[in-house]
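Reviewing the structure listed below.
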Amino acid sequence: MSTGRFYLTTPIYYVNADPHVGHAYTTIMTDIVARHHRQRGEEVFFLTGTDEHGAKIAQAADAAGRSPKDHADALSQRFRDLGGVLGASNSFFIRTTDAAHGAEVQRLLGVMHEKGDIYKGSYGGWYCTACEAFYNEGDLVDGTNCPIHGRPVDWLEEENWFFRLSAYRERLLELYDANPGWVVPQARFNEARRMIELGLEDLSISRSQIDWGVQVPWDPEQVVYVWVDALFNYWTALTYGAGEDGGRFWPPDLQLMAKDILKFHAVIWPALLMSAGIELPRRLAIHGYVLKGGEKMSKTTGNLVDPFPFIEDYGLDALRYYLAREIRFGEDGTFSAEGFDARYTGELANEFGNLLNRTVAMVGRYRGGVVPSDPGGDAEIAAEVSAVADAVTAAFDAVDITRAVEDIWVLVRRLNRLVEERAPWTLAKDPDRAGELDQALFSLAEGLRAVAILLWPVMPGSCEKALLALGQDPAAVATAGARWGAGAAGATVVPGTPLFPRVEGRPE
């Protein structure tokens, strides 16, 4: 049941390296969902930020000859800057080095400790510093290397504090059985449930061999395991970053992340919340990897895609559109310069941009720049617009961003066919067919107005320009306004430069 509020999160990004297009993908997809829910009149709190503790950060800082805090400050700012470049409309940017975050993590751990869910014990295992995670020997590649990074793992043995994760196995299974849509897509739900089914080991939640992190409140010789520290950010941010009544947003309506952190979010995170006595998130949405050359992009493999040249050459909205359209949400998808250019030229420039230019030009040429009133003869087109608007809302409800864009593009292509079917240039030659011309021009302008509103979460800047060109209020982007006939009557079109100009050459 809707509360009129919508709380959604990205994972907080680990500041061990510069951001790349994989980070951009997660941020953009979350921003698209946030904008859509604002269009529906909901009060949205959109959280992102950076994860700044752990051995990997301390080691990287040491290698760079600076303190962990100075190192974290520099890299965190790059992620904050990336959000600005991507047009992210986040409500707050959390850092795990925020004092208020650390204090709340300590309070929550105290609750769990008092409950008896945290105990002291010894542990030894194969540890990947890059992942900040332990692996069973059977999970290692060639018996020695991390399955994610391909680097040799280290044997780590120390006395730590442990969380009784195993005690929550049955409650977690009950959660999954009672909420079959708790993790989407279904394949990730099945994968997470299988992890729980196979049995859970208690989780080491502290480290004694590093000092860069949040101190365990009852044992200052140990710091909180970076993943536990990080996971609680979704809760702590509301205690100091969302105003006096920030708690009204809890629980998260949607938490969006890549599949490599599925276990942490779909198994460990709900168990931590159960222990702390906090209501669970309503849904987790798991997306695939952005691939280049068939491989996941990473600093380790050196196959990173820098999004900035694409933004400089094609514009931000083109990047947002390409990622939403090309990479089916929930699945792996390949990023390529060739594919980017094909989508930009074939769809954005030729199908959408050219349709807008032709419509505005024809209204200017045949009706003095004023969009005719609706003669009422296009009930079929009106029904198609309504059906697309409903389909887009349903796609967003299912967290299927790609399908939402595909549904919108059905309407774009229908309007392009309408131009050829009606041939306004032919109608304009016959005064007896003036009514038909009025209907064609109105239907094209009204259909494009609906497209601009529905597509606004994906390409806000371009869609606002499209509304302006159609003589509409560029701020009138509520989804309710996508219904037929809801635009400003007697609008005067405003010719301008092409939305998606030709690009010579392309980034590699």
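The values are calculated or read from the model by the stated rules, or taken from the named source; none is laboratory data. These figures come from a predicted structure and were not determined experimentally. All Cβ positions, glycine included, derive from the backbone under ideal geometry; neighbour counts span all protein chains shown.
Miscellaneous remarks
- Taking the range 228-279 as the range and being within 26 Å of Val216 (Cβ to Cβ), touching a residue at least 60 places away in the same chain (Cβ under 8 Å), of a type in the set (Phe, Trp, Tyr) and in a helix (DSSP H, G or I) as the test, the residues that pass are Tyr234, Trp235, Tyr240.
- Complete set of residues in the range 193-221 that are outside any helix (DSSP H, G or I) and among the hydrophobic types (A, V, I, L, M, F, W, C): Leu198, Leu200, Leu203, Ile205, Ile210, Trp212, Val214, Val216, Trp218
- Search result, residues across the range 152-167 that are within 30 Å of Lys115 (Cα to Cα), modelled with pLDDT of 85 or more and not in a loop (DSSP other than H, G, I, E, B): Glu159, Asn160, Trp161, Phe162, Phe163, Leu165, Ser166, Ala167
- Pairs linking a residue in the range 30-57 that is in contact (Cβ under 8 Å) with a residue 12 or more places away in the chain to a residue that is of a type in the set (D, E, K, R) and part of a strand (DSSP E or B), with Cβ atoms under 8 Å and 6 or more positions apart or on different chains, are Glu42/Arg5; Glu43/Arg5; Val44/Arg5; Phe45/Arg5; Gly49/Arg95; Thr50/Arg95; Glu52/Arg95; Ala55/Arg207.
- Figure legend. Inter-residue proximity from the range 194-210: first residues closer than 13 Å to Leu165 by Cα, second residues among the hydroxyl-bearing types (Ser, Thr, Tyr) and buried (at least 18 other Cβ atoms within 10 Å of the Cβ), beta-carbon distance below 8 Å, spacing 6+ or different chains. Indicated pairs: Ile196/Tyr176; Leu200/Tyr168; Leu203/Tyr225; Ser204/Tyr225; Ile205/Tyr225.
- Qualifying residue in the range 27-50 (condition: at pLDDT 95 or above, among the hydroxyl-bearing types (Ser, Thr, Tyr), part of a helix (DSSP H, G or I) and within 18 Å of the chain's Cα centre (by Cα)): yes
- Test result for Val105, surrounded by 15 or more Cβ atoms within 10 Å (Cβ to Cβ) and out of contact with any Asp or Glu (no Cβ under 8 Å at 6 or more places or on another chain): no
- Within the span defined as the range 293-302, one or more residues are surrounded by fewer than 16 Cβ atoms within 10 Å (Cβ to Cβ), under 23 Å from the mean Cα position of the chain (by Cα) and not in a loop (DSSP other than H, G, I, E, B).
- Residue in the range 152-168 that is surrounded by the fewest Cβ atoms within 10 Å (Cβ to Cβ), counting only those that are free of Cβ contacts under 8 Å to residues at least 40 places away in the same chain and touching a Gly at 6+ places or on another chain (Cβ under 7 Å): Trp155
- All positions within the range 64-110 that are in a helix (DSSP H, G or I) and touching a Phe, Trp or Tyr at 6+ places or on another chain (Cβ under 8 Å): Pro68, Phe79, Arg80, Gly83, Val85, Ala100, His101, Glu104, Val105, Leu108, Gly110
- All positions within the range 135-151 that are in a loop (DSSP other than H, G, I, E, B), closer than 21 Å to Leu203 by Cα and in contact (Cβ under 8 Å) with a residue 12 or more places away in the chain: Leu140, Cys146, Pro147, Ile148
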